[in-house]
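In what follows, a single structure is set out as structure tokens and then discussed.
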Amino acid sequence: MSVSVYLEDSGISGKLVESRRVSAQNALKELWSGELDFTGWVRLPEKITEDSLSKIERYAKQIRESSDFLIVLGVGGSYMGAKAVIDLLGERAAGTEVIFAGYNFSARYINEVFEKIRNKDISLCVISKSGTTTETLSAFGIFRKYMLDKYGRDETAERTYAITERRSNYLYDIAEEDGFTVLDIPLDVGGRYSVLTPVGLLPIAAAGLDIRALTGGAAEISDPKHFAGGALDYAVTRQLMYDFGKRIEVFEFFDPYASFFGEWLKQLFGESEGKEGRGLFPASLMFSRDLHSMGQFLQQGTPSFFETFITAEKTAQDVVIPEEGGEFAGRTIQQINTCAVDGVYAAHVKAGVPAVKITVDSFDPENVGELIYFFETQCAVSALLSGVNPFDQPGVEAYKTEMKANIKSL
Ligand code: PA5
């Protein structure tokens, strides 16, 4: 496994963690048993076929050749994974610029997208597992009309990709009727676990990134043997943190391009674990920026949290500070960043803040694929250990019902 986990400063005794390993292995077995609903993601990396990868690559090529922008409409699990990967690997992205929309109700945001795409060619990718989500479908109506006016019915169909479950729903029915290209979200994969399905792979491939390396990285560890022994100690430690009174896990990154990976993690853990009055509240911070706003709280604030540092050892780029940089001259930005990582870790551990370190060699497509699968597995095991269903989200229905009733009364 390329992902390495360091738990020595978690404040939880190794013996206690070891004593829970059997339960973690039992939870892993449950995930692999095929008996739980929505565990299709577990075998996804090994099941991805050459045929499905080359089909996605073909569509991505079509998008790159025909369009200046790909507009992706989707919310939650229907966009966060793709954006996290594109942001993180962006320096390698030599494809079409992907614009994400349909994840908010901001008229200004929509108008600004229209400003950006004026006189440009676009393709549209509308993603919704249920095919009924208000954010996505209201934006879809707006962009569909724009495309029909600009391209007419046939070309709109050629330029539109719908990613949804292959069964009747509002989006699927329109897609079929209008002749859009339809790609499937497998029925047994939930939104927040769907980044390695076409939901994530089509936008990522359109951005010009290597989806074979990404899915290959996940496939490297998608076998229970890679999570044997102490490989689930992170999941166990999180639950012990909760038992000992911690209520917040702060994911910390030292790279602005990793910020959205933090958003993806927040959704993954928050929706999987936050139920039945339980769960660690997932937060994320980007350093060094947030050291100048939240550093004080982390060092001396209410001790209700623990920190999870997520870093890469190497970066592809570096910048040397010239003579004009005074006392910093001759050092590189990356060297200073490493000093910040080690310095923050040491200062917080000395202050008694429990800390976990999760490291990869570099943020490249293989390692990012592995990280995705690593966190999906740890999250699902952690939720099962806590006694909740990692794959439902009954709590999100309440606001939707209220909101829809309000919309009806407009
Ligand atoms: O993880 C989930 O299931 C959710 O976050 C969904 O992805 C989100 O609500 C969007 O749903 P849909 O894809 O049905 O539009």
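The values are calculated or read from the model by the stated rules, or taken from the named source; none is laboratory data. Bear in mind the structure is a predicted one, so any value in this text is a computation, not a measurement. Note that we place each Cβ from the backbone using ideal geometry, even for glycine, and neighbour counts take in every protein chain shown. Ligands, DNA and RNA are stripped out before the accessible areas are found, and what is left, the full protein with its side chains, is counted by its heavy atoms. Shrake-Rupley method; radii C 1.70, N 1.55, O 1.52, S 1.80 Å.
Brief remarks on what is shown
- Residue-level check: of (1) within 19 Å of I310 (Cβ to Cβ); (2) surrounded by 12 or more Cβ atoms within 10 Å (Cβ to Cβ), R20 misses just (1).
- Selected residue (only one of F260, F244, F269, F254 is among the aromatic types (F, W, Y) and under 25 Å from D68 (Cβ atoms)): F260
- Cβ-Cβ under 8 Å pairs, at least 6 apart or on other chains, the range 305-322 side within 12 Å of F363 (Cα to Cα), far side at pLDDT below 95: A316/E91; Q317/E91
- Unique match (being outside the structural domain of G369 (by TED's automatic domain parsing), part of a loop (DSSP other than H, G, I, E, B) and in contact (Cβ under 8 Å) with a residue 40 or more places away in the chain) among A60, A94: A94
- Taken over the range 127-143, the residue count meeting the criterion of being more than 17 Å from L202 (Cα to Cα), within 11 Å of the ligand (Cβ to nearest atom) and open to solvent by 10 Å² or more (accessible area, probe 1.4 Å) is 6.
- Residue match in the range 111-125 (condition: on the phi > 0 side of the Ramachandran plot, assigned by TED's automatic domain parsing to the domain that holds F69 and within 14 Å of the ligand (Cβ to nearest atom)): no
- Residue match in the range 24-32 (condition: modelled with pLDDT under 95 and surrounded by fewer than 20 Cβ atoms within 10 Å (Cβ to Cβ)): no
- Residue that is nearest to the chain's Cα centre (by Cα), among those in the range 3-17 that are surrounded by fewer than 17 Cβ atoms within 10 Å (Cβ to Cβ) and in contact (Cβ under 8 Å) with a residue 60 or more places away in the chain: S4
- Test result for S123, outside any helix (DSSP H, G or I), at pLDDT 95 or above, among the small types (G, A, S) and open to solvent by 20 Å² or more (accessible area, probe 1.4 Å): no
- Condition met for E57 (open to solvent by 30 Å² or more (accessible area, probe 1.4 Å), modelled with pLDDT under 95 and acidic (D, E)): no
- One residue alone among E220, E273 is in contact (Cβ under 8 Å) with a residue 40 or more places away in the chain and either over 17 Å from the mean Cα position of the chain (by Cα) or open to solvent by 30 Å² or more (accessible area, probe 1.4 Å) (or both), and that residue is E220.
- Selection count, the range 70-84, where residues are part of a helix (DSSP H, G or I), more than 6 Å from the ligand (Cβ to nearest atom) and either open to solvent by 10 Å² or more (accessible area, probe 1.4 Å) or β-branched (V, I, T) (or both): 2
- Conditions (1) more than 16 Å from the ligand (Cβ to nearest atom); (2) under 24 Å from K357 (Cα atoms); number of the one not met by I204: (2)
- Which numbered condition Y146 misses (of (1) away from the ligand (no atom under 16 Å from the Cβ); (2) hydroxyl-bearing (S, T, Y); (3) open to solvent by less than 20 Å² (accessible area, probe 1.4 Å)): (3)
- Only a single criterion out of (1) within 21 Å of the chain's Cα centre (by Cα); (2) closer than 16 Å to T308 by Cα is not satisfied by A213, namely (2).
- Listing of helices (runs of 4 or more DSSP H) fully contained in the range 317-410 that carry 2 or more residues being of a type in the set (K, R) and open to solvent by 10 Å² or more (accessible area, probe 1.4 Å): 396-408
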